[in-house]
Amino acid sequence: MKLVDVEPIIAAWKTVGVDKKNEAKSFLDSKNFIVYIQGQIRNSIGDVFLDLANVLEKSEPANIWFDAKKVLPEKDKEVLVKREKFGIEIAFLSYDGLWQEHDEYIVFGDVTHWAYLPEPPKEV
């Protein structure tokens, strides 16, 4: 799974959708049947891109938690971990396959799930 910023994708799909619908207007005014059909096609393509943008814009974020019994992160990379009794913490999977607390090297034996850390905020 790749986590991506969907805002540029939504903006691009909206731009393509509006552009295709604008292109279609002149074709749809034509008295020539073939040109009119080309306008219908452009209009439909515009609708598809606008619908895709709308669906993506309204979609819920994906569940980013992985079952620690099925999937492991790359070793020595800090991630969020969900522990059975202690909640959520930052930890990493050591090269010897043990979950460890990120700065005190305490070994965790009760990690049930993990997730990638979010990107830090971009400086303004």
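Treating r as the C-beta distance of Leu52 and Asp5 and R0 as 22 Å, the FRET efficiency rounds to 0.85. Against the criterion of solvent-accessible heavy-atom surface with a 1.4 angstrom probe, Tyr95, Tyr105, Tyr116 sort, most first, into Tyr95, Tyr105, Tyr116.
As a calculated quantity, the FRET efficiency between Leu80 and Ala12 at R0 = 22 Å, using C-beta atoms, amounts to about 0.10.
The alpha carbon centroids of region 76-106 and region 1-70 are separated by 41 Å. Counting only C-alpha contacts under 8 Å and six or more residues apart, can you give the relative contact order of region 75-124 as a whole percent? It comes to 36 percent, rounded to a whole number. Residues Thr15, Thr112, sorted by accessible area with the largest first, give Thr15, Thr112 [1.4 Å probe; ligands and nucleic acids excluded]. Among the protein heavy atoms of the chain, carbon and sulfur supply 58% of the accessible surface, probe 1.4 Å, non-protein parts ignored.
Rolling a 1.4 Å probe across the protein heavy atoms gives the chain an accessible surface of 75 Å² per residue.
Solvent-accessible area of Phe108, all protein chains in place: 10 Å² (probe radius 1.4 Å, heavy atoms, ligands and nucleic acids excluded). For Lys69, a cut-off of 17 angstrom between C-alpha atoms picks up these lysines, skipping any fewer than 8 places away in its own chain: Lys82, Lys85.
The values are calculated or read from the model by the stated rules, or taken from the named source; none is laboratory data. Quantities reported herein were computed from a predicted structural model and do not represent experimental measurements. As a convention, Cβ positions derive from the backbone with ideal geometry for all residues, glycine included, and neighbour counts pool all protein chains shown. Ligands, DNA and RNA are stripped out before the accessible areas are found, and what is left, the full protein with its side chains, is counted by its heavy atoms. Shrake-Rupley method; radii C 1.70, N 1.55, O 1.52, S 1.80 Å.
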